[in-house]
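Inspection log for the structure reproduced underneath, given as structure tokens.
Read-outs throughout are calculated quantities, based only on the coordinates presented, and are distinct from any laboratory measurement. Nothing here was measured: the structure is a model prediction, and the numbers come from that model. Note that we place each Cβ from the backbone using ideal geometry, even for glycine, and neighbour counts take in every protein chain shown.
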Amino acid sequence: MPEPLVRPARPDDEGVLARLDRESWSPLFEVRPAPPAPDDPFFRPACGPDAHLVAEDDGRVVGYVRLLPASPLETNAHVLQICGLVVAEEARGKGAGRALVRAAVEEARRRGARRITLRVLVPNTVARTLYTSEGFAVEGVLPGEFHVGGRYVDDVLMGRSLL
């Protein structure tokens, strides 16, 4: 697969992104206890197309990254957070995830952020390895923060400077 095209999400991406979200759900990656229902909206008022970048391979959406403010506080406005990264199973290991992380970092810089952060569950070693290789460092661990897949799992806080 050549380098995926990463572009801003559009309103008409909602159906494919919702399907991708349902199909990729796993207790290794998600804190939601079950996959989204088929009729659950993907875009919401506080999290619309402008909060997402999508990866395309040969014109087909194969992943997305969600980039949101880390908090609603004005004193924290300089920090953006990756609040979701999904890559279709058939596109994993082919550069889409890396392209999306890099695009999120560049988008955060474009928006004037000084830091970018994320949270990732300990069992998601593939994602943690990717984030580390892209300059993110572990900044904290919340032991047993979530009960998913029948067990308690740690939540890893990661971040990096954009300066």
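Of note:
- Remark: spin-label model distance R151-E23 equals 2.8 nm, labels positioned 7 Å along the Cα→Cβ axis.
- Hull-based mean projected area of the chain, where the convex hull spans the alpha carbons, in square nanometres: 9.6 nm²
- R92-E74 pseudo-label distance in nm [points 7 Å out on the Cα-to-Cβ vector]: 4.4 nm
- Footprinting exposure proxy ranking of Y131, Y152, Y64, fewest other C-beta atoms within 10 angstrom first, gives Y152, Y131, Y64.
- Dipole magnitude for segment 5-161: about 500 debye, using +1 per Lys or Arg Cβ and -1 per Asp or Glu Cβ, origin at the Cα centre.
- Residue order, fewest to most beta carbons within 10 Å, for S24, S71: S71, S24
- Fewest neighbouring Cβ atoms within 10 Å first, the residues H78, H147 line up as H147, H78.
- For segment 1-149, share of DSSP beta bridges that run antiparallel, in % to the nearest 5: 80 percent
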